[in-house]
1. Under 6 Å by Cβ, and 6 or more places apart or on different chains, what pairs join a residue from region 259-275 that is under 24 Å from Glu92 (Cβ atoms) with one that is open to solvent by less than 20 Å² (accessible area, probe 1.4 Å) and part of a loop (DSSP other than H, G, I, E, B)?
2. For region 163-197, which positions are loosely packed, with under 13 Cβ neighbours inside 10 Å and either outside any helix (DSSP H, G or I) or among the charged types (D, E, K, R) (or both)?
3. Could you tell me whether region 107-125 includes any residue that is more than 20 Å from the chain's Cα centre (by Cα) and over 19 Å from Glu42 (Cα atoms)?
4. What pairs come up if the first residue lies in region 208-223 and is in contact (Cβ under 8 Å) with a residue 40 or more places away in the chain, the second is open to solvent by less than 50 Å² (accessible area, probe 1.4 Å) and among the basic types (Lys, Arg), and their beta carbons are under 8 Å apart, counting only those six or more places apart or on different chains?
5. Which members of region 56-72 meet the condition of being at pLDDT below 85 and either open to solvent by 30 Å² or more (accessible area, probe 1.4 Å) or among the basic types (Lys, Arg) (or both)?
6. Please specify each residue of region 215-268 satisfying the condition of being surrounded by 14 or more Cβ atoms within 10 Å (Cβ to Cβ), charged (D, E, K, R) and farther than 28 Å from Lys201 by Cα.
Amino acid sequence: MKKILILSLCSLYCLILSGCGQNNNEDLNRFNQHLSKVETKEKNVEKVMNQLELSRLNNISKTDTTDKNKNSFERLQKNINHRLLPKFKDYEKEAKNLPAETNKTRKLKKDYLNSVSKQRQSINEIKSFIDLYNQSVVENEKILNYTHSFETNRAQVEKDISKANNQENKQLLKSKIENNNRELRNTAQKYLEKDSYPTTKAINEHIKPLIQKQIKDLNQTNITDSHVNNARKNAIEMYYNLLNYYDTRETTIKIEDQLSKINVEKLPKTGKDLSKENQDFKTELKKAKQNE
């Protein structure tokens, strides 16, 4: 009776083990079948990556901004937002739907999703670099516009002063502008041209407060001569342009700092580069198939 019981238990254990093995195999097969759908979505991502010709990033980012470079980066920005990211979201969604009922497939799915996460991070870095580059172009164009406006106002100030008849008003405004320019030049030499002094700190703590004080002083200056008064208004506009210039310069410094933290040469440029993240997963999948 005892022998029969032992034999029955052994048979039961064999059936259980056989059933577990069968379940593992079926689960792995389901995983593989769905993986083919995921890989099709991944191929779509790779195809778009190749069409974007991202290898040009290495050279374009190192050259001076030109209209050609600007247009290239604007096109890249649009293509990443409207073509690459939607394809990647489809791929990511399909990967998250991989079936995994057993420990083996759960481990495989986790490994795969980790590689997808790394791919997502790489694409986000590419997007960040291009977004920042384009933002930098826009901000530098603003700087050029503020510089041009400053020079226009300065020329108008000189023109209006030359027309003035009231010598007292004329000399008062000229003296103020000359003193302002001297103060600004000395402050810039003291802080902006000092390597050990952070540029943004110099702008915020010394340059901008000085310009704001000069604007306030010009606003409160009483002028009776109409030509000198026009000159005063243009001088105020001139200093507002200078203030905007330094505000924008601060922004460009922050952008440059963010750009410097992205190693463009290490970013994936092709679909093949991106798919390298899946290499470890493929090794694990191969082992799982061999152990079926």
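The values are calculated or read from the model by the stated rules, or taken from the named source; none is laboratory data. No experiment lies behind these values; they were computed from the predicted model shown. Don't worry about glycine lacking a Cβ; one is built from the backbone with ideal geometry, like all the others, and counts go over all protein chains shown. Heads up: the accessible areas ignore ligands, DNA and RNA and are worked out on the full protein's heavy atoms, side chains in. Shrake-Rupley method; radii C 1.70, N 1.55, O 1.52, S 1.80 Å.
1. Filtered contacts from region 259-275: Leu274/Pro268.
2. Asn165, Glu168, Glu178, Arg182, Arg185, Lys190, Glu193, Lys194, Asp195, Ser196, listed by residue number.
3. yes
4. Asp217/Lys176; Leu218/Lys176; Leu218/Arg232; Thr221/Lys176; Thr221/Arg232; Ile223/Arg232
5. Listed by number, the residues that qualify are Arg56, Asn58, Asn59, Ser61, Lys62, Thr63, Asp64, Thr65, Thr66, Asp67, Lys68, Lys70.
6. Asp225, Arg232, Lys233
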